[in-house]
Each structure stands twice: as structure tokens, then as C-alpha cells.
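The values are calculated or read from the model by the stated rules, or taken from the named source; none is laboratory data. Because the structure is a prediction, the values reported are computed rather than measured. As a convention, Cβ positions derive from the backbone with ideal geometry for all residues, glycine included, and neighbour counts pool all protein chains shown.
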Amino acid sequence: MQQDSDTGGFRMRIAVLGGGVGSMTAAYWLTNPGPDGVVPDHDITVYQLGWRLGGKGASGRNAAMGNRIEEHGLHIWMGFYANAFRMMRAVYGELNRPADVPLATWKDAFKPQTVITMMEKDASGQWMENEWVVATPIMPGEPGDQTGFGDPCDYHFNLINWVKERIEAFFDGREHHGSQHTHLDAHVLHLKTLHAALHEATVHAGEPHERGKRKPKTEHHHLLLRIAMEGVQELIGLGFRLTGKCVELQRVLFLADIAVATIIGSIKDLCGKPFDAIDDQEWRSWLLQHGMHQESAWCSVIRAMYDIVFAYREGDAVPKNADLAAGTTTQTMLRIYFDYYESIFMKMQAGMGDTIFAPIYEVLKKRGVKFKFFHRLREVVPSDDGTVIDALRIGVQATVKTGDYEPLVTIKKLPCWPSQPILEQLVQGDELRAKNIDLEDYDADWSDVDELVLKRGTDFDHVVFGLSIGAVPYVCPSLLKQKESWRTMVERVKVVRTQASQLWFNRNVADLGWTSALNGRCFGERAVFGTFIEPMDTWADMSQLLPLETWSVPVGNVAYFCGAMKDSDPATTDVPRENLRNVLENSMYLAWTYAAKPGKFHYDWLIVDEPGRVVSDEERFRSQYFRVNTQPTELYVLSVSGSTKHRLDPANNGYSNLSLAGDWVYNGFAIGCVEAAVLGGMKGVQRFCPGMEIVE
Ligand SMILES: Cc1cc2nc3c(=O)[nH]c(=O)nc-3n(C[C@H](O)[C@H](O)[C@H](O)COP(=O)(O)OP(=O)(O)OC[C@H]3O[C@@H](n4cnc5c(N)ncnc54)[C@H](O)[C@@H]3O)c2cc1C
């Protein structure tokens, strides 16, 4: 500790390694006023490789191409991200931007997305043209208002009611716009019976889980509910035999089947326990074990859960590789559907770097946090007795000509991260440009220009490790040697590569022929569309970003695609490009009826920012943005069965002066997402932050 001459107290010197969501959350809380309003006086330095914060959520503006936003992949926040939204609301509040700039407030930065679309195949394996459009209601409150979440057995009423509402929607026609089917008497009678049985069951289901209030139920309640649910399960089985080709009936049955198996499973395995008590089991197997029918085992709702978290071992997106821990996935599903405030999804209104990491950077900088860009952690060195971190070896990738590196550029009044370092500020700028070096690439052909060895007691007292788990073998070899818990974690917590593409069109989405928009089924919202062709299974219309880009040609639409990537694929952008070409030419006609026909795609509608130049279709396609996330810390953290218990506690990890931060630690919510990374960052430093309130 450092003696503080002003206060007579001690300043803790904290080295924050990496600038992703987890470590930035830790830095935010370490500099946040306590309950007494006093701001802690820590001396904090962030060491970040390359030129920008954000990690897997980093984005950059490409100055050579209309300042287009280039992302690691599609990022959408969920309305249940209580801790993440609380922080962002406070960050925007503290930023206090003038009203006339873009993203002046957090409400400008995030907008609701209530509709999602899932693609499905019929029994013969053909894609159905009648895609599954799920419209979710707007709920009271705003994301971040949550005060707590339910225990596993608190959601029974919500689950039953949810299915009842789907059945009611079936009858009032909301669920089957465009349907060609006439519903048979048997279907109608069956659904009415199912509805009545569910209604009866609500009597035993206790009260709805609402706004964090926990209402314990008795064992007697659970016994009766279980009996009622087992009866409903029989009815669902009968329904599957009746459905024939009635897609709408089948969809209701899928939802009912998942909900009922979840209720029975939670009563049998989870009451009074945390969700992750069953994380050694695989989610689908667990649902099947609790009576879910085989018909539902790979329906779109199930598949969507695997797709959104890239949950495929070795990145090979086939059902046999799908692996999700049962409890964590149940927790995630329940939070997504029943714990959101305002909207199920919240879409960012600029790149994630611009929306999240630029505001956090500005606030932390104002709070006195120091940022060392181009500082690459090479090694965390523990003491010989394995109790503390003794030293940090940091490679300096480039040196700044004068003063601090200023990392942001202003585009249309918005502070943004560039897609390349601002080379003019660097002594080695010309050389980096000439050699075309990517300083985020662990294998770049570039040597550090200097090395710092930071010492415990002299340069730091405490360390926040915010690199992701994929980097641990590279930078923590001695910790792995010293502690079995670290070795087991690295072995059992799996990661996966991901791939992403972005296309810019001179047409808007209706002109592309987006079928749901054409027939009014997406209620005027932009598309978020999934469970489609692997590996690029997800498409989102992100055209809300276009007003913040600076193209010299008219742009009507930007489409983001994303998915898992096989371990066996070469780590080049040819992979997403060719995967996307396959989707565009062979399947996209199902969604975009004008832009694509079987075997053909309107590549001439893609834009290049050079008005008047004659450009071939291939050149247009290749100039779009394609990305693979294959660097160690870019690897997406999976929640495979049997892994949660091997995650390390972020505060008690075997080294007394080390906190871990990120979505890969044991944080009570073991799924790879922003909220989990925020929780990881908070729990890592909670002991130093008396004012911290964690919503869980
Ligand atoms: C393609 C994709 C799509 C996703 N979509 C969503 C979504 O829609 N919603 C959602 O909630 N989540 C999504 N996620 C997950 C989300 O991005 C992560 O949960 C979150 O960003 C993890 O943050 P983190 O702090 O744990 O780690 P990271 O983001 O990995 O941060 C690690 C930090 O360490 C830095 N670093 C790495 N090596 C070094 C080094 N040697 N020295 C110094 N610094 C270093 C990195 O640059 C980075 O700043 C997605 C992830 C991917 C890959």
C-alpha cells in the first residue's frame, strides 16, 4: 500500500489486466462512491493490449469505409440484465452528455426489441415458409429496476400461464397469421382440454414470481402440482399424435412440453437448491428425463437456446455436439422470459464499443483511472509459496509520442473506437502501418518494444485479472503448475470459436423482400432471426446504426450474421465469407424473397463506398465485413454440462491479492453473456466495495 499524504490513509495500487466487460465493471465499482458518499482513493491502472477496450464486445469504426461499425459479432442485451443495466444507467447519468448529441442518455443508447423470428424445418426436413414469429409483451419498469430473481421453484405459475396465453393466442388468431390450415375439431378440442388442465394446475402452482418477491411454497403444493403436470404431459403426448401438419398446434405443444418438463424437473431436483445444483446434467437430456417428448427435443425453442450461446462442442453446430448445463440453462431461460423489464431484448443504437466502452472509458478516466493501451500482459508471476501474485510481466507493444494515448475518435458527435490504432500518435506508427500489424493478434509478427516488470509492494498491491479464460494457459503457466483447481478449470470450462459477417445494402429490408416485414408480422420492428442454416444461424437487421455511419453512397440496410466456428476450420475470414455465400445463394430466399432466388443472390445490391466506380459483384461481396474470433480471449465461454463447479471463485481463487473478472468465473450465473461478465467483475472486487449491491 502507498501512504496517502493528504488523508494519512493508504491507497491501494490496483493493476487491472484487460479492458473487457468484467474488468471494466470491477474498475467502475472500485471507483464508485461508498454508502457514505466517499469515493475510495485507489490508484488504478488498466493494462490493455492493442488500442481499444471491449474484448469480445469491442467494435471499431472503419474510416476507409464510411466509418462503418465493425463488431466481433452480433451483440444484443436482454431486458433481465439487472446489474449490467444498473451500471450503464449510472454511467450515462455520470457522463451527463448534452441533449443534442447522439446517445445522450441510456434510453437513447438502448431500444426495445420485442419480436424474434425462428426458422423451422418440417417433418420431411424442408424449411417451412411460415416462420415462427414470437411477439413478446412490453412489461412495466425499465431494465435495471430488478431487485432480485426467483429461486428455481418460484416460476411455476409463470410457466403455466405462459403456455395458457399461447393457447389463448392460438384461438384468437394472433399466432397463426398467414396460416393455410383449417384447424380440425380434434385440434380445437385438444387445446381446450389442455388449457383447462393447465388452468386447474395453477391452483397448485402458488403465486406468480414477480419483481423479486420470493413466495415459498409447501411440499404439499409441489406434490399436487407435480401430479397435475404429469397429467398435462399425457395430454401433450396425445396432442403430438393428433397434430398432423398443424404447425400452430405443434408450436403450442413444444412450449407446453418444455414448460411442463421444467416444472416437474425443478420440483424433483431443484427445490431449495441453487440452479447450478443440476449443472452436471445436460439440459435437453434433463428435460427428456423429466418427461419432455422426443418431438420437442430439437424444436426451434430448444435449438435457439443452444444457438444464442454457441453451445456446440468443438464449434461444430450439430445436435450431437450441443451441450448446455441443465441448471444454468433453466435459469437463463426463466430469466429471459419472466424477469425482463420493459423488453425481452434491448438493441444497442451504435456499435458496442461506442455504446458501452467509450462511455465507461470516459467515466473511469474522469474518476482518475489510468489507461495503458498497447500493454500486453505476458505473464502473471505468483510467489513461490503460491499464496500471492508477486509480479506482472507486461510487454509494451508500442510507445506513445507524447503524453497519454487518446484512443477515441468523434464521428457525428459520438466518441467512438477506431477499427485500427491511431498510428499518428505512436512512435512505431509508420512501421506498424508498413507491416500491417494487428496488435490484437497474439501471433502477430511484432516484438514488444519494451518490457515492464511490475512488482508487488512497489507497483501494485492488488491485481484484477480481466483476460478471458482462453488466455490463462498463455499468461498464467506458473499458476496452472501451482494449483490443481486452476488446471481443472482450464480443462473443464470449454470455449468455442465464433464467426461473424456484416453486409451493407443499397436497399432497405422491405426491398430485400423480408417476408415477415412484407406481411406485417414483425409489428414494424427490425428482424432478429435465428435457428437458420448452420453455422451462420442468426441474422439481425441492424439498420438503426446507419445514421451514425458516414457513407458517401445511399445505404438502406445493414445485416449482421453470426454463429459458432469449427475448431478444425482455418482461422481466416474465408470461412465466414464462404459460409455466408452458401446461406445467401441457397437459403436466404426464404427470408429475403427479392434479394435471393434459389442458386442466386443480388450481390450487386451490396455497397462499396466509392460512387461511380465499376465494381464486380465478387469485389462488392469481399469488401463487406467478415470476422473470426479465434484469438485466445476472443473465444466464447461455454456452459457445458459438468463444468460450472470447476469455475474459480473470483475472490477466493487461491491468491490473496488477485481478483478474477469476467463471464468465466463462478458468479452464480454461468452463461457467456454481458450480465455474467458484470457479475464476475462485481464479485471479484466486492470485498473492497462496501456500497455494492448485487441483484441476484
Ligand atoms: C460473437 C459473439 C457474440 C456475442 N453476443 C452476445 C450477446 O448478444 N449478448 C451478450 O450478453 N453477450 C454476448 N457475447 C458474450 C460477451 O461478449 C461476453 O460475455 C463478454 O464480452 C465477456 O467479457 P469478459 O470481460 O469476460 O472478457 P473479454 O471480453 O474477453 O475481455 C478480455 C479483455 O482482455 C484483453 N486482453 C486479452 N489479452 C490480453 C493481454 N495479453 N494483455 C492485456 N489485455 C488483454 C482483451 O482485449 C479484453 O479487453 C457474445 C460473444 C461473442 C464472441
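Structure notes:
- Filtering the range 453-472 to residues that are over 18 Å from GLY22 (Cα atoms) and either assigned to a loop (DSSP other than H, G, I, E, B) or within 12 Å of the ligand (Cβ to nearest atom) (or both) leaves GLY457, THR458, ASP459, ASP461.
- Meets criteria (part of a strand (DSSP E or B), over 23 Å from THR105 (Cα atoms) and either within 28 Å of the chain's Cα centre (by Cα) or small (Gly, Ala, Ser) (or both)) for ARG393: no
- Applying the set (1) modelled with pLDDT of 95 or more; (2) part of a loop (DSSP other than H, G, I, E, B); (3) away from the ligand (no atom under 16 Å from the Cβ) to GLU610 leaves exactly one unmet item: (1).
- Boolean, SER659 is under 23 Å from VAL39 (Cβ atoms) and either surrounded by 23 or more Cβ atoms within 10 Å (Cβ to Cβ) or touching an Asp or Glu at 6+ places or on another chain (Cβ under 6 Å) (or both): yes
- Taking the range 246-269 as the range and being charged (D, E, K, R) and surrounded by fewer than 24 Cβ atoms within 10 Å (Cβ to Cβ) as the test, the residues that pass are GLU248, ARG251, LYS268, ASP269.
- Residues that are touching a Gly at 6+ places or on another chain (Cβ under 8 Å) and either within 6 Å of the ligand (Cβ to nearest atom) or without any contact (Cβ under 8 Å) to a residue 24 or more places away in the chain (or both), drawn from the range 55-74: GLY55, LYS56, GLY57, HIS72
- Taking the criterion of being free of Cβ contacts under 8 Å to residues at least 24 places away in the same chain and in a loop (DSSP other than H, G, I, E, B), the residues of the range 423-437 that qualify are ASN436, ILE437.
- All positions within the range 31-54 that are more than 16 Å from the ligand (Cβ to nearest atom) and either under 21 Å from ASP404 (Cα atoms) or crowded, with 24+ Cβ neighbours inside 10 Å (or both): THR31, HIS42, ASP43
- Lone qualifier among LEU660, LEU648 - being within 15 Å of the ligand (Cβ to nearest atom), touching a residue at least 60 places away in the same chain (Cβ under 8 Å) and either farther than 28 Å from MET352 by Cα or under 20 Å from the mean Cα position of the chain (by Cα) (or both): LEU660
- Considering the conditions (1) surrounded by fewer than 20 Cβ atoms within 10 Å (Cβ to Cβ); (2) closer than 18 Å to VAL493 by Cα, GLY272 is excluded by exactly one of them, (2).
- Candidates ILE411, ILE344, filtered to the one that is modelled with pLDDT of 95 or more and within 16 Å of the ligand (Cβ to nearest atom): ILE344
- The set of residues from the range 631-673 being part of a strand (DSSP E or B), within 30 Å of GLU578 (Cβ to Cβ) and not aliphatic (A, V, I, L, M) comprises just one member, TYR636.
- The residues on offer are PHE357, PHE371, and the sole one that is under 26 Å from the mean Cα position of the chain (by Cα), among the hydrophobic types (A, V, I, L, M, F, W, C) and not in a helix (DSSP H, G or I) is PHE371.
- Residues being out of contact with any helix residue (DSSP H, G or I) (no Cβ under 7 Å at 6 or more places or on another chain), farther than 24 Å from GLU379 by Cβ and modelled with pLDDT of 95 or more - total across the range 1-32: 1
- Looking across the range 318-335, the residues that are within 18 Å of the chain's Cα centre (by Cα) and surrounded by fewer than 24 Cβ atoms within 10 Å (Cβ to Cβ) come down to ALA322, ASP323, MET333, LEU334, ARG335.
- Residues (among the small types (Gly, Ala, Ser) and assigned to a helix (DSSP H, G or I)) located in the range 246-279: ALA256, ALA259, ALA261, GLY265, SER266, ALA277
- Scanning the range 312-332 for residues that are within 13 Å of the ligand (Cβ to nearest atom) and in contact with a strand residue (DSSP E or B) (Cβ under 6 Å, 6 or more places away or on another chain) yields a total of 1.
- Index of the failed condition, PHE669 passing every other in (1) of a type in the set (Phe, Trp, Tyr); (2) within 16 Å of the chain's Cα centre (by Cα); (3) more than 13 Å from the ligand (Cβ to nearest atom): (3)
- VAL628 being in contact (Cβ under 8 Å) with a residue 24 or more places away in the chain, within 16 Å of the ligand (Cβ to nearest atom), within 19 Å of the chain's Cα centre (by Cα) and in a loop (DSSP other than H, G, I, E, B): no
- Qualifying residue in the range 376-383 (condition: in a loop (DSSP other than H, G, I, E, B), surrounded by fewer than 23 Cβ atoms within 10 Å (Cβ to Cβ) and among the charged types (D, E, K, R)): no
- Within the range 110-130, the set of residues being over 24 Å from the mean Cα position of the chain (by Cα) and either modelled with pLDDT of 95 or more or assigned to a loop (DSSP other than H, G, I, E, B) (or both) comprises ASP122, ALA123, SER124, GLY125, GLN126, MET128, GLU129, ASN130.
- Screening the range 510-545 for residues that are more than 22 Å from the chain's Cα centre (by Cα) and not in a loop (DSSP other than H, G, I, E, B) and picking the one that is nearest to ALA304 (Cα to Cα) gives SER516.
- Failed item, numbered, when LEU423 is tested on (1) more than 24 Å from GLY466 (Cα to Cα); (2) under 26 Å from the mean Cα position of the chain (by Cα): (2)
- Screening the candidates GLU618, GLU634 for the property of being within 16 Å of the ligand (Cβ to nearest atom), among the acidic types (Asp, Glu), touching a helix residue (DSSP H, G or I) at 6+ places or on another chain (Cβ under 8 Å) and over 30 Å from ASP154 (Cα atoms) yields one hit, GLU634.
- Restricting PHE621, PHE626, PHE561 to those that are hydrophobic (A, V, I, L, M, F, W, C), touching a strand residue (DSSP E or B) at 6+ places or on another chain (Cβ under 9 Å) and closer than 24 Å to ASN519 by Cβ reduces the list to PHE561.
- If the condition is being among the β-branched types (Val, Ile, Thr) and part of a helix (DSSP H, G or I), then the range 328-354 contributes THR328, THR329, THR330, THR332, ILE336.
- Residue count for the range 661-683, restricted to those that are in contact with a helix residue (DSSP H, G or I) (Cβ under 7 Å, 6 or more places away or on another chain) and within 18 Å of GLY57 (Cβ to Cβ): 16
- Positions within the range 497-509 being surrounded by fewer than 21 Cβ atoms within 10 Å (Cβ to Cβ) and either assigned to a strand (DSSP E or B) or of a type in the set (D, E, K, R) (or both), in sequence order: ARG507
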